[in-house]
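Reviewing the structure listed below.
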Amino acid sequence: QVQLVESGGGLVQAGGSLRLSCAASGSILSINAMDWYRQAPGKQRELVAGITSGDSTNYADSAKGRFTISRDNAKNTVYLQMNSLKPEDTAVYYCKAAIRTPAGLGYRTREYWGQGTQVTVSS
């Protein structure tokens, strides 16, 4: 059984910073891509940032220059440093990870989602 647990959300004033963490636990052989998504009320879930197992990163235009994604493979954890926050960044933030786990005599890879953490930015 694999779990992703996010933390670090909260209430912050515009211009402030938050650092989100997402830790994976369970029977994990390896983790490939790790991503952060967000979903604001009444809107579709959208990709914020992603990082590959080789540390290549990509960002949504709205996140470029303000957010930084990173990972610690020894801790099976992905981070999202968010600076210069704006009210429009208010959303529930979710992490997603492609995780390889034992399966019978072999392995399988599937995507797992965390439960989400609320980020609220006041103006």
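The values are calculated or read from the model by the stated rules, or taken from the named source; none is laboratory data. For clarity, every value in this text was computed on a predicted model and none was experimentally measured. Quick reminder, even Gly has a Cβ in these numbers, built from the backbone with ideal geometry, and neighbours come from all protein chains shown. Side chains are part of the model used for accessible areas, which takes the heavy atoms of the whole protein and leaves out ligands, DNA and RNA. Shrake-Rupley method; radii C 1.70, N 1.55, O 1.52, S 1.80 Å.
Considering region 67-82, the residues that are open to solvent by 30 Å² or more (accessible area, probe 1.4 Å) and touching a Lys or Arg at 6+ places or on another chain (Cβ under 9 Å) include one that is nearest to L11 (Cα to Cα), namely Q81. Checking R71, R100 one by one, the residue that is at pLDDT 95 or above and either under 17 Å from the mean Cα position of the chain (by Cα) or not in a strand (DSSP E or B) (or both) is R71 and no other. Number of residues in region 16-30 that are more than 15 Å from T109 (Cα to Cα), open to solvent by 60 Å² or more (accessible area, probe 1.4 Å) and among the aliphatic types (A, V, I, L, M): the value is 0. Name the residues in region 1-17 that are more than 13 Å from the chain's Cα centre (by Cα) and closer than 29 Å to S84 by Cα, would you? Once the filter is applied, which keeps residues that are more than 13 Å from the chain's Cα centre (by Cα) and closer than 29 Å to S84 by Cα, region 1-17 yields G10, L11, V12, Q13, A14, G15, G16, S17. For region 32-46, a tally of residues being in contact (Cβ under 8 Å) with a residue 40 or more places away in the chain, open to solvent by 30 Å² or more (accessible area, probe 1.4 Å) and outside any loop (DSSP other than H, G, I, E, B) returns 4. Residues in region 83-120 that are over 21 Å from V5 (Cβ atoms), buried (at least 20 other Cβ atoms within 10 Å of the Cβ) and among the aliphatic types (A, V, I, L, M): L85 only. Taking the condition of being in a strand (DSSP E or B), within 14 Å of K75 (Cα to Cα) and touching a residue at least 60 places away in the same chain (Cβ under 8 Å), how many residues in region 4-31 meet it? Of the residues in region 4-31, 7 are in a strand (DSSP E or B), within 14 Å of K75 (Cα to Cα) and touching a residue at least 60 places away in the same chain (Cβ under 8 Å).
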